[in-house]
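Report on one structure; see the data block that follows.
The values are calculated or read from the model by the stated rules, or taken from the named source; none is laboratory data. Just so we're clear, the structure is a prediction, and the values are computed from it rather than from any experiment. In this analysis, Cβ positions are derived from the backbone assuming ideal geometry, glycine residues included, and neighbour counts consider all displayed protein chains.
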């Protein structure tokens, strides 16, 4: 069982729903990203330690002033001591400034480099990875996880170290000054550290629950937004709103639990040091009264003690931060560790003719290795020929077309282009030779021009114009800024038919040797479809074409039709011929057929 | 147009920087939308809409807010009392011990400190809990209100306001407001009370030393003011840049198939590296502000402490102040400069909350385009007669989509509507379901103006099925029952059997209980559409409208649906909108529409038989394509 899961994991890459194991080693593995900033880090550490020294020194100078010039009347020392306090104070501010200045550059550099590398790796990973990971899941790695790492490597790591140093040094000083009070402080620190670590644990549990419930609420909000027309069609707003409110109420209750928990925690956190002040004041004042302690020392003592509150109470928070950033690193490393399964070969085709062959092609999805979707497809497209691919929904037509530009790789047999296995071809070269217009056209929030020239950045205006004409997509000129208008989610919204025509223009503009049209005309009205088909015939005349078709009108663009059934090509031939002789074909493409069926029944 | 309210400017008032120009080269030109405008408005203060909404949200909690204020005042008073009591301990408690070993004064003072500590702890606790309750209540009410408001707004609004924005209004924006209520109030009140409280006590303890300490205040005010303005600017830039990073990232990953198929990776990387670096620079700017601000306050604090030490030490030497007063001064100054550190955090919270408030106020100000009637008419049963009574409609004033339509659909008739894109077919359907209201005339159901029916009644009688076959999370049975939750399992099965959907649903791992989110993800588009049909049939409306509902089906599924339609449509009024003629065959009557007018009207057979006219020629072309 374990072996089976691990081997299927190797095939499909990491699982988005499973949290990867995390530990100190996860953070340690990212050290390479810190290396360029090693001197900066060293400087930051030294500055922070010096800062600790200064924050200890200032109260000691205070003590000296109170005990020397004030109590003992040595006024001559006052200006020097005051000047020292001033110098130390200024130095502390300067050190903080310098440390932060250096830190900003280093940690932002680290974060930016990591994000760039992550993006680069994600672009290399194949469809088998991306179909399982939603872009939202990847985004949270590129934003939330990275900023966790950034914060820990700049702030957490540093203060984890300096806070411990400060705690130890201060306790030693206090013990040396007057040991009973020192003991009180040391004794108080222990329950605070214990409390804050324990709190962090249970707090994390409630926070997770709040997050889950927030996620649930967000899902409901999303559903209600996306399905607003369905909800309205059925007059069910009241029902949906009531459901949402129940979930919101649940979230409110859980959040209140979280609020109460943290209120109690902060009360103790501020209460315990204050109680220590009470004890220190009582013991210290008595000590001063009985000459065991000077007044200056008492003041220094209280100041030092109060200066420990933050380092001590933040230890729990910083440890939790360390834990979180380990998890974050593990989540990022998981992606870096996924090897791109589709790597290009070295061969190129000097004079591509567009001779495409499927030879005994088999394909199974990596998560269902036993179940072949394609079970030995043989099909040959002569250079310049156009073949329509017909089959029932879910027969694997789109999949078959995706094997040509290697968006997926065959699991058996091979696909050749001009006699060369596509896996031996240089990947970029292969994808220059093949262009696809997808059924659901992906538009990016960029200018119309950028969207069109996706496959050919150096296209001239004339070429763009020609492609627009073939796809009947001249409407882009009527957009407010013409070809420079931003389209996509963040720009002008286009209709389904307009989007499909742009996707078609994009594929045509790429000037491929093989063009794949994956049911590209489905959203066009009859009139536009006729115009596009007429123009497409010109393009298809000298380009090899593979067309996925659901309608008779699209099939007519092709020279031959191939029928894909149960994972194999069962029939190849002329549309009329197949319509007349193959019942399964008739069933798929002839709506008329039903009447005949009824009559014969 | 992405939003009707956009103003046509490519960038804010400043001249575009080089980075902006580089970005615009690939990103293209677009209107500035309302969200961006709201972000840009923030300048460290609350705008009009934002302030109004905040007051509205807090008003119901006025009593709790007073309690809250009480708790916070008590807490701060107790907190501020402690250094004073330390001073008393030193000045009043110690001398008796030195003189005759009398510890009673000291113990008395220590007792008061103990009480102050406990009072502070308790009031702090109450404060935090109360604050949490107010925050959570406001949050809950806001969520409720925003959700219901989005539900009430017309589909016309939702057409332009994308679902992504609807979602972010209800998630990140609402949370930004909570964050401000949670941390902002605390930090702000604490800072204010500390500021004035400390000033008062210092002056009370010793006027001269107090005045010297207060010299630091103007410096602090200047520094904070600078920081507030500068951070409002840098916040805006950072938000813009991070939005660029996120959009580019999400779109490249969402469209990875096109990216890889068109070898887009190098260009994408180039763009990403650019926006990623712009984000870095923006962040660096924001961080640098804090880099100046934090040590700046520390510097002011430390200098003040050193001055107080020197001058105070001198005063103590001359006997003008006691050692206790000096100690109290040092402790107060420490306490005073600490909350300043939180202020840098607070401003960011404040910026995002104020932008969020602005955006939410904008949404809540939107009037529903199709308001509910004040005195709804009752219509328990409908026969299903639809009458378009002199109906006119235009999306944009002066450009009517439907100029003047007079049309009656008798109860029980199945009517097919055909015509080119933009002929007004879908508009007709949207008027009948009251997604829009006509700009002239009236739509009547059984003689009643649909504007006089409340939306639940109307939509019980008139249901529309579109290509949008959305399935809600939950089981398949729940989805079919969506329009009529009280339907029995037998009725659900009857509906699916009539459509031929029973077989594939039964074949799923858990049959009708299969969760749509899990295994249901494998439903094909056609199967999902059949479930959507079952949902509509089970709702059993008097009028059923199918708007291009079969066009995403492949031909075998479409044939199945048509077979079912013949039985299901019997006895109800139906409007079938299609651009494929196969669907039209089952209609009693065909309307051919053009430019919002009915140009042909008759039975399909008659229209074909006439041999001329648009329907006849469409029909010929269609037959030819089948051959």
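Select, from B:385, B:374, B:367, B:397, the only residue that is within 30 Å of residue B:614 (Cβ to Cβ) and modelled with pLDDT under 90. Don't jump to the end; show me each part of the working.
Working: B:385 fails: modelled with pLDDT under 90; B:374 fails: within 30 Å of residue B:614 (Cβ to Cβ); B:367 fails: within 30 Å of residue B:614 (Cβ to Cβ).
After applying the criteria, what remains is B:397.
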*asked:* With in a helix (DSSP H, G or I), surrounded by fewer than 18 Cβ atoms within 10 Å (Cβ to Cβ) and within 21 Å of the chain's Cα centre (by Cα) as the only criterion, which of B:143, B:148 stands out?
replied: B:148
*asked:* From the list A:341, A:300, exactly one residue is touching a helix residue (DSSP H, G or I) at 6+ places or on another chain (Cβ under 9 Å), crowded, with 21+ Cβ neighbours inside 10 Å and either in contact (Cβ under 8 Å) with a residue 24 or more places away in the chain or not assigned by TED's automatic domain parsing to the domain that holds residue A:85 (or both). Which is it?
replied: A:300
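For (1) in contact with a helix residue (DSSP H, G or I) (Cβ under 7 Å, 6 or more places away or on another chain); (2) more than 28 Å from residue A:135 (Cα to Cα); (3) modelled with pLDDT under 90, each residue gets a yes or a no:
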| site | (1), (2), (3) |
| --- | --- |
| A:424 | no, yes, no |
| A:427 | no, no, no |
| A:455 | yes, no, yes |
| A:461 | no, yes, no |
| A:465 | no, yes, no |
| A:473 | yes, yes, no |
| A:499 | no, no, yes |
| A:503 | no, no, no |
| A:520 | yes, no, yes |
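Suppose we filter B:144, B:165, B:148 for residues that are within 9 Å of chain A (Cβ to nearest Cβ) and either touching a residue at least 60 places away in the same chain (Cβ under 8 Å) or closer than 30 Å to residue B:333 by Cβ (or both); which single one remains?
Details: B:144 fails: either touching a residue at least 60 places away in the same chain (Cβ under 8 Å) or closer than 30 Å to residue B:333 by Cβ (or both); B:148 fails: either touching a residue at least 60 places away in the same chain (Cβ under 8 Å) or closer than 30 Å to residue B:333 by Cβ (or both).
It is B:165.
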*asked:* Taking the condition of being touching a helix residue (DSSP H, G or I) at 6+ places or on another chain (Cβ under 7 Å) and within 8 Å of another protein chain (Cβ to nearest Cβ), how many residues in region B:553-580 meet it?
replied: 8
*Single match in B:272, B:262 (criterion: within 12 Å of another protein chain (Cβ to nearest Cβ), closer than 30 Å to residue A:443 by Cα and touching a residue at least 24 places away in the same chain (Cβ under 8 Å))*: B:272
*List every residue pair whose Cβ atoms lie under 6 Å apart, where the two residues are 6 or more positions apart in sequence or sit on different chains, the first residue falls within region A:303-324 and is within 19 Å of residue A:279 (Cα to Cα), and the second residue, located anywhere, is outside any helix (DSSP H, G or I).*
none
*Considering B:217, B:227, which residue is buried (at least 20 other Cβ atoms within 10 Å of the Cβ), more than 9 Å from every other protein chain (Cβ to nearest Cβ) and in contact (Cβ under 8 Å) with a residue 12 or more places away in the chain?*
B:227
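Give the residue that is farthest from the other protein chains (Cβ to nearest Cβ), with candidates limited to residues of region A:557-587 that are more than 19 Å from residue A:386 (Cβ to Cβ) and touching a residue at least 24 places away in the same chain (Cβ under 8 Å). Break it down stepwise before answering.
Filtering region A:557-587 down to residues more than 19 Å from residue A:386 (Cβ to Cβ) leaves A:565-568, A:570, A:580-584, A:586-587.
Filter once more, keeping what is touching a residue at least 24 places away in the same chain (Cβ under 8 Å): A:565-568.
Numbers: A:565: 13, A:566: 15, A:567: 16, A:568: 19 Å.
Among those residues, the one meeting the criterion is A:568.
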*Take residue B:308 and decide whether it is outside any helix (DSSP H, G or I), more than 9 Å from chain A (Cβ to nearest Cβ) and more than 37 Å from the chain's Cα centre (by Cα).*
no
*Looking at A:28, A:39, which one is over 18 Å from residue A:149 (Cα atoms) and away from chain B (no Cβ under 14 Å)?*
A:39
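Yes/no per residue for (1) at pLDDT 90 or above; (2) out of contact with any helix residue (DSSP H, G or I) (no Cβ under 7 Å at 6 or more places or on another chain):
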{"position": "A:12", "(1), (2)": "no, no"}
{"position": "A:20", "(1), (2)": "no, no"}
{"position": "A:24", "(1), (2)": "no, no"}
{"position": "A:33", "(1), (2)": "yes, no"}
{"position": "A:38", "(1), (2)": "yes, yes"}
{"position": "A:43", "(1), (2)": "yes, no"}
{"position": "A:47", "(1), (2)": "yes, no"}
{"position": "A:50", "(1), (2)": "yes, no"}
*Counting only residues that are more than 9 Å from every other protein chain (Cβ to nearest Cβ), give me the helices (runs of 4 or more DSSP H) lying completely in region A:64-141 with at least 3 of them.*
A:78-124
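Give the residue, chosen from B:168, B:172, B:154, that is over 15 Å from the mean Cα position of the chain (by Cα) and in the same structural domain as residue B:239 (by TED's automatic domain parsing).
On the way: B:168 fails: over 15 Å from the mean Cα position of the chain (by Cα); B:172 fails: over 15 Å from the mean Cα position of the chain (by Cα).
Step by step, each of B:168, B:172, B:154 is checked, and only B:154 is over 15 Å from the mean Cα position of the chain (by Cα) and in the same structural domain as residue B:239 (by TED's automatic domain parsing).
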*Within region B:124-140, can you find the residues that are over 29 Å from the mean Cα position of the chain (by Cα) and either within 23 Å of residue B:59 (Cα to Cα) or outside any helix (DSSP H, G or I) (or both)?*
B:126, B:127
*Residue list for region B:586-603, filter: buried (at least 20 other Cβ atoms within 10 Å of the Cβ) and not in a strand (DSSP E or B)*: B:587, B:596
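Each row is one residue, and each column tells you yes or no for (1) facing another protein chain (nearest Cβ under 9 Å); (2) more than 18 Å from residue A:204 (Cβ to Cβ).
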{"residue": "A:241", "(1), (2)": "yes, yes"}
{"residue": "A:250", "(1), (2)": "no, yes"}
{"residue": "A:261", "(1), (2)": "no, no"}
{"residue": "A:269", "(1), (2)": "no, no"}
{"residue": "A:280", "(1), (2)": "no, yes"}
{"residue": "A:295", "(1), (2)": "yes, yes"}
{"residue": "A:299", "(1), (2)": "yes, yes"}
{"residue": "A:318", "(1), (2)": "no, no"}
_Which count do you get for residues in region A:474-503 that are free of Cβ contacts under 8 Å to residues at least 40 places away in the same chain, over 13 Å from residue B:28 (Cβ atoms) and within 32 Å of the chain's Cα centre (by Cα)?_
6
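Results for (1) without any contact (Cβ under 8 Å) to a residue 12 or more places away in the chain; (2) in contact with a strand residue (DSSP E or B) (Cβ under 9 Å, 6 or more places away or on another chain); (3) in a helix (DSSP H, G or I); (4) buried (at least 19 other Cβ atoms within 10 Å of the Cβ), shown as yes or no for each residue.
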position: A:187; (1), (2), (3), (4): yes, no, yes, no
position: A:194; (1), (2), (3), (4): yes, no, yes, no
position: A:211; (1), (2), (3), (4): yes, no, yes, no
position: A:215; (1), (2), (3), (4): yes, no, yes, no
position: A:219; (1), (2), (3), (4): yes, no, yes, no
position: A:274; (1), (2), (3), (4): yes, no, yes, yes
position: A:282; (1), (2), (3), (4): yes, no, yes, yes
position: A:285; (1), (2), (3), (4): no, no, yes, yes
*(1) in contact (Cβ under 8 Å) with a residue 12 or more places away in the chain; (2) out of contact with any helix residue (DSSP H, G or I) (no Cβ under 7 Å at 6 or more places or on another chain); (3) within 30 Å of residue B:162 (Cβ to Cβ); (4) in a loop (DSSP other than H, G, I, E, B): which one isn't true of residue B:392, the others all being true?*
(4)
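Yes or no, residue by residue, for (1) over 30 Å from residue A:249 (Cβ atoms); (2) more than 9 Å from chain A (Cβ to nearest Cβ); (3) in contact with a helix residue (DSSP H, G or I) (Cβ under 7 Å, 6 or more places away or on another chain):
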{"site": "B:77", "(1), (2), (3)": "yes, yes, no"}
{"site": "B:90", "(1), (2), (3)": "yes, no, yes"}
{"site": "B:110", "(1), (2), (3)": "yes, no, yes"}
{"site": "B:113", "(1), (2), (3)": "yes, no, yes"}
{"site": "B:119", "(1), (2), (3)": "yes, yes, yes"}
{"site": "B:123", "(1), (2), (3)": "no, yes, yes"}
{"site": "B:132", "(1), (2), (3)": "no, no, yes"}
*Within region B:471-483, which residues are within 9 Å of chain A (Cβ to nearest Cβ) and buried (at least 18 other Cβ atoms within 10 Å of the Cβ)?*
B:471, B:472, B:482, B:483
*Would you mind stating whether residue B:288 is assigned to a helix (DSSP H, G or I), facing another protein chain (nearest Cβ under 7 Å) and either out of contact with any helix residue (DSSP H, G or I) (no Cβ under 6 Å at 6 or more places or on another chain) or surrounded by fewer than 19 Cβ atoms within 10 Å (Cβ to Cβ) (or both)?*
yes
